[in-house]
Amino acid sequence: IDSGRAYHVFYTWTQRVSARPRVAPLAEAVECDIVVLPNIATRFEPRELDLIRGYVESGGRLLVLHGNGSDDTAANEVLGMFGLSVEDRRDAYRMNLKGGLIPRPVASYSVTGGTPLVYDNLGRPAAAVADVGTAGGRVMVFAASSLFSDAVMGTTSTIPDEVIRSIYDLE
C-alpha cells in the first residue's frame, strides 16, 4: 500500500480519543455520530448528496479531509451545500495548535467559508468549521489531508517525536 494514500495511523489515533472508526457505505455511515469523507475522488450521486445534507441538517457531524488525490469539484459539491469550499492548492506548512509551524510541507488548499480553525504559513485557512441548521449539525474541512497520511505520520509502531506529536495534537 502506498503510504502517501494510507491512513492507518490516523485510524488508530482516532481510537485513542474514544472514537470507534469503521469503514461503511454512505447509507450506513450516516447512522454514526461522525462521518469522515477522506479524499473525495468522484462525484456523489444526487441522492447521496441529499443523504449527506439530511444527515448534517439533522444534527450529524461531517469531516471532509481534502487533498492527496481528491477531486476539487467533487469535494466542493459536498462542501458547497454548507457554505464551504477549497481552492488554490500549494505546498505549505500548517500551524500547530500553539501557533507554531509543523515542519512538514504538504499540499494544502485554502478553505473559504465557515470559521477558520487552522492556518498555513501562507496565512490561508487550511481548516474551517461550519455550523448547520438548528439541530447542531457541523461540517469541518481539513484541506491538507496528506499531513495525516502514513507517509508523514509513520506506522502504528513509530515512536512519535515532537513534530509527530504536534500532528497528533492537531488531529
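The values are calculated or read from the model by the stated rules, or taken from the named source; none is laboratory data. Worth saying up front: this structure is predicted, and the values here are computed from it rather than measured. Here Cβ is always computed from backbone atoms with ideal geometry, including for glycine, and neighbour counts include all displayed protein chains. With ligands, DNA and RNA removed, areas are computed over all heavy atoms of the protein, side chains included. Shrake-Rupley method; radii C 1.70, N 1.55, O 1.52, S 1.80 Å.
Listed values, structure above:
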read-out: Peptides 18-27, 162-171 ordered by average Cβ neighbours within 10 Å, highest first; value: 162-171, 18-27
read-out: Which labelled figure in [x] 1.11; [y] 1.03; [z] 0.94 is Rg/Rh (Cα atoms, Kirkwood Rh), once derived from the coordinates; value: [z]
read-out: HIS8-ASP131 FRET efficiency (beta carbon distance; Förster radius 30 Å; 0.05 resolution); value: 0.45
read-out: Where a label projected 7 Å from the Cα of SER58 along Cα→Cβ would reach, residues of segment 4-31 with amide N under 16 Å; value: 26-31
read-out: Segment 1-62, Rg to Rh (Cα coordinates; Rh as Kirkwood inverse mean 1/r); value: 1.00
read-out: Stokes-Einstein D (µm²/s) once Rh is taken as the Kirkwood radius of segment 103-171 over alpha-carbon pairs, at 10 °C in 1.306 mPa s; value: 119
read-out: Charge context of GLY54, other residues only, Cβ under 15 angstrom, K/R +1, D/E -1; value: -2
read-out: Gain in span if fully extended, ARG90 to THR158, counting 0.36 nm per residue against the direct Cα distance; value: 21.7 nm
read-out: Mean Cβ neighbour count within 10 Å, used as a protection proxy, ranking 142-155, 85-98, 108-121, 39-52 highest first; value: 142-155, 108-121, 85-98, 39-52
read-out: Environment charge of GLY100, counting only residues whose C-beta is closer than 14 Å and scoring Lys/Arg +1, Asp/Glu -1; value: +1
read-out: Overall form of segment 7-101 per C-alpha gyration tensor (a/c, 1.5; a/b vs b/c); value: oblate
read-out: Heavy-atom accessible surface of segment 21-171: percent carbon and sulfur, 1.4 Å; value: 49
read-out: Whole-number accessible area per residue in Å² for the chain, which is evaluated in the context of all protein chains at 1.4 Å; value: 53
read-out: Length released on extending from GLU45 to ALA24, taking residue separation times 0.36 nm less the Cα-Cα span; value: 5.9 nm
read-out: Check: segment 51-171 dipole with +1 on Lys, Arg Cβ and -1 on Asp, Glu Cβ, in debye; value: 200
